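Here is the structure we will look at.
All of the numbers you see were taken from the coordinates with simple rules; none came from a lab. In this text, all values refer to a predicted model and were calculated from it rather than measured experimentally. As a convention, Cβ positions derive from the backbone with ideal geometry for all residues, glycine included, and neighbour counts pool all protein chains shown.
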Amino acid sequence: MSRTLEDKKGMVEGLKDDLSESQLALVIDYQGLTVAEITDLRRRLRPSGTVCRVAKNTLMGIAIDGQDHWQPMTELLKGSSAFLLVKDDFSSAIKAYQDFQKVSKKTELRGGVMEGRLLKEADVKALGDLPSKEQLIAQIAGAINALATKIAVGINEVPASLGRGIKAVSEQEQDSAQSDTAA
């Protein structure tokens, strides 16, 4: 079924909109996937704020034309392409894709583009190994909590230490006063 010129223009605009909101774009070869498998991939990617778009390479080429930070993607536009446009948490999105890839064994990651740089498969894998946004937030919260605890203990220790010092001096004075009266 061929698309009308208006459909193609609408699709290019949709791709441009998705790209403008994305931090990372991954290009995969999706040949051999069934509709159910693509639906499963989209379902897995949704929690990470990722959109899976299947489009002709020429339409994506038109969408990225004039956008310098997406230009490296032109090297990846060949064959049957699906585009994973990551808006929020790229680490979770990459992990979700890798999990899908392990199950289906039908897709191949060609590469990606982030901040105007072409990423090869090893680069994308390294990004996927980074902690997720939630994990980073938890680590930061834990570090802040630990620091606050140390400060509270330190502040509490000053008067306690002073109290112990005064008590020791007092006991020492009492002992010396008792030894003076005994002698």
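Hey, could you check the range 42-89 for residues that are of a type in the set (A, V, I, L, M) and in a strand (DSSP E or B) and say which is nearest to the chain's Cα centre (by Cα)?
Among them, the one singled out is Val86.
Among the residues of the range 104-142, how many are closer than 20 Å to Gly61 by Cα and of a type in the set (A, V, I, L, M, F, W, C)?
5
Asp68 - would you say it is out of contact with any helix residue (DSSP H, G or I) (no Cβ under 7 Å at 6 or more places or on another chain) and either surrounded by 16 or more Cβ atoms within 10 Å (Cβ to Cβ) or not aromatic (Phe, Trp, Tyr) (or both)? Spell out the reasoning first.
On the way: out of contact with any helix residue (DSSP H, G or I) (no Cβ under 7 Å at 6 or more places or on another chain): yes; either surrounded by 16 or more Cβ atoms within 10 Å (Cβ to Cβ) or not aromatic (Phe, Trp, Tyr) (or both): yes.
Answer is yes for this residue.
Would you mind stating whether Leu59 is surrounded by 14 or more Cβ atoms within 10 Å (Cβ to Cβ) and either over 22 Å from Glu13 (Cβ atoms) or free of Cβ contacts under 8 Å to residues at least 12 places away in the same chain (or both)?
no
What about Gln31, is it surrounded by fewer than 17 Cβ atoms within 10 Å (Cβ to Cβ) and not in a helix (DSSP H, G or I)?
yes
Please verify whether Thr39 is part of a helix (DSSP H, G or I) and either in contact (Cβ under 8 Å) with a residue 24 or more places away in the chain or under 23 Å from Lys8 (Cβ atoms) (or both), treating the condition exactly as stated.
Working: part of a helix (DSSP H, G or I): yes; either in contact (Cβ under 8 Å) with a residue 24 or more places away in the chain or under 23 Å from Lys8 (Cβ atoms) (or both): no.
No; evaluated as a whole, the condition is false for this residue.
List every residue pair whose Cβ atoms sit under 7 Å apart, with the two residues 6 or more apart in sequence or on different chains, where the first one lies in the range 1-23 and is touching a residue at least 12 places away in the same chain (Cβ under 8 Å) and the second, anywhere, is in a loop (DSSP other than H, G, I, E, B) and of a type in the set (A, V, I, L, M, F, W, C).
Correct list of pairs: Met11/Ala55; Leu15/Ala55.
I need the full set of residues from the range 109-143 which are part of a strand (DSSP E or B) and surrounded by 13 or more Cβ atoms within 10 Å (Cβ to Cβ), in order please.
Looking only at the range 109-143, we keep the residues that are part of a strand (DSSP E or B), and these are 109-114, 117-119.
Matches in the range 109-143: Leu109, Arg110, Gly111, Gly112, Val113, Met114, Leu118, Leu119.
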